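Please read the structure below before turning to the comments.
The values are calculated or read from the model by the stated rules, or taken from the named source; none is laboratory data. Note that this is a predicted model, so its numbers are computed, not measured. Because the Cβ atoms are built from the backbone with ideal geometry, glycine has one as well, and the counts that use them run over all protein chains shown.
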Amino acid sequence: MVDRRTIVTGLGALATSVASMAAETRGNRTAAGHGATLVIDGLDCSVPSENYVSKLRAGGVDCMHLSVEDMDGRGGVHPFVFVYERLDRLRGSMRLARTVRDIIACKREGQIALVLGWQGADPIGTEPGTLRAYFELGLRILGIAYNTTNRYGSGCLEPSRGLTSDGESLVDQAHALNMLLDVGGHTGEQTSLDVIARAGGRPVICSHTALTALNANKRNTSDRVCTAIASTGGVIGVLCLNDYLVRNAANAKAAETTPQAPLGVYLDHLDYLRRLVGVDHVGIGSDFDGAFMPSGMEDASKFPILTEGLLRRGYAEADIRKILGENTLRVMDQAQQVGLILSSDKS
């Protein structure tokens, strides 16, 4: 078993680098706490473009995890080609990040880092061995199932079914590649717990979710799964999609359109999660894609308003830095380091 405390201690150089960049950028954003960290959006489904880069810059976002599986509607390698072509057009503004070092380098260069992921493993089809090829294309974050059951596990609409034998093989392959596994949210509860049980000292994340305890929507994540994710050292990113924050079986029939939630509802989910698992395991995973969002967090340009809201609720600036990006950066780095340590232990 790997001692996580040893790994965290080994991140001192990383923390120093982040702190140095924080000092360089302090005062350049509207809220003091917002300018004091890398800001990482743990999931954003928006198509990269000059217009969207402008929104990211207005919000002070330094890195985004992009869900790429359906980016051009064709699947397979085509979404990666689509993203590469987009990045060619955005040269000097945004570039692909394969490692934490790339994220830090992008920040220093004044570019936005793009991390690629899938919300479900369906694009692999019947050959899980192809995961290595997608990794070489830039895939770094892997979900298991998107709402419904596939050959690897169950989605949130069938929460009681667990990880299959093919799913176990897929998890092991992802570990061998030092990829981050993304559970909860779209992935069913039992499959999520099975993935976490198989983590073997590696951190597991939920890139974007709201909390079942505050809104009983099937798409949201239970306290049990959130606590289990935190036990791996992982991070749970709170999403901004309005319906998952407030729409549930009890009120779904009351109106076709859910009233727009105020920013306070979003902050309530962050507050609850901080109390449940501790601030070191809380992050942001907006799920921005042009859909209906709560007031004050309509798009990526609004991140400074989130920071102001956290300050008003009494969050310490150090904790805001963790939530806005330092926690996610730590887990990304830890996933790579744990993989290296475990590989060394076996040799």
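Which condition number does Leu114 fail, the rest of (1) modelled with pLDDT of 90 or more; (2) assigned to a loop (DSSP other than H, G, I, E, B) being met?
(2)
For the range 222-230, indicate whether the set of residues that are within 20 Å of Phe288 (Cβ to Cβ) and without any contact (Cβ under 8 Å) to a residue 60 or more places away in the chain is non-empty. Lay out the reasoning, then the answer.
Start the filter on the range 222-230 by keeping residues that are within 20 Å of Phe288 (Cβ to Cβ), which leaves none.
So far as the range 222-230 goes, no, none of its residues is within 20 Å of Phe288 (Cβ to Cβ) and without any contact (Cβ under 8 Å) to a residue 60 or more places away in the chain.
For residues that are under 21 Å from Ile103 (Cβ atoms) and touching a Phe, Trp or Tyr at 6+ places or on another chain (Cβ under 8 Å), tally how many sit in the range 299-332.
Number of matching residues: 4.
Can you pull out the residues in the range 45-59 that are part of a loop (DSSP other than H, G, I, E, B) and either over 17 Å from Met297 (Cβ atoms) or in contact with a Ser or Thr (Cβ under 8 Å, 6 or more places away or on another chain) (or both)?
At the first step, the residues of the range 45-59 found to be part of a loop (DSSP other than H, G, I, E, B) are 45-49, 59.
Result: Cys45, Val47, Pro48, Ser49, Gly59.
Taking only the range 257-307 into account, find how many residues are at pLDDT below 95, touching a Pro at 6+ places or on another chain (Cβ under 9 Å) and among the aliphatic types (A, V, I, L, M).
Final tally of qualifying residues: 1.
Give Gly42, Gly75 a once-over and let me know the one that is part of a loop (DSSP other than H, G, I, E, B) and among the small types (Gly, Ala, Ser). Outline the logic, then answer.
Details: Gly42 fails: part of a loop (DSSP other than H, G, I, E, B).
Every option except Gly75 fails the conditions.
Condition test on Gly33, is it over 17 Å from Leu114 (Cα atoms), buried (at least 21 other Cβ atoms within 10 Å of the Cβ) and modelled with pLDDT under 50? Walk me through it before giving the result.
Working: over 17 Å from Leu114 (Cα atoms): yes; buried (at least 21 other Cβ atoms within 10 Å of the Cβ): yes; modelled with pLDDT under 50: yes.
The answer is yes for Gly33.
Confirm whether Gly162 is touching a residue at least 24 places away in the same chain (Cβ under 8 Å) and in contact with a His (Cβ under 7 Å, 6 or more places away or on another chain).
So Gly162 does not fit the description; no.
For a quick check of your reading: which strands (runs of 3 or more DSSP E) sit entirely within the range 139-256 and have at least 3 residues that are modelled with pLDDT under 95, touching a Phe, Trp or Tyr at 6+ places or on another chain (Cβ under 7 Å) and within 20 Å of Leu273 (Cβ to Cβ)? Before the answer, list the steps.
Details: elements: 139-143, 180-182, 204-209, 236-238.
Strands (runs of 3 or more DSSP E) meeting the threshold: none at all.
Filter the range 195-214 down to residues that are surrounded by fewer than 22 Cβ atoms within 10 Å (Cβ to Cβ) and in contact (Cβ under 8 Å) with a residue 40 or more places away in the chain and give me whichever is nearest to Asp280 (Cα to Cα).
In this case the residue turns out to be Gly201.
If you take the residues in the range 277-305 that are free of Cβ contacts under 8 Å to residues at least 60 places away in the same chain and assigned to a helix (DSSP H, G or I), which one is farthest from Arg247 (Cα to Cα)? Don't jump to the end; show me each part of the working.
The first filter runs over the range 277-305 and keeps only residues free of Cβ contacts under 8 Å to residues at least 60 places away in the same chain, leaving 277-282, 291-298, 305.
When the remaining residues are screened for being assigned to a helix (DSSP H, G or I), the result is 277, 279-281, 305.
Working: Val277: 24, Val279: 26, Asp280: 28, His281: 25, Ile305: 23 Å.
Of everything passing the filter in the range 277-305, Asp280 is farthest from Arg247 (Cα to Cα).
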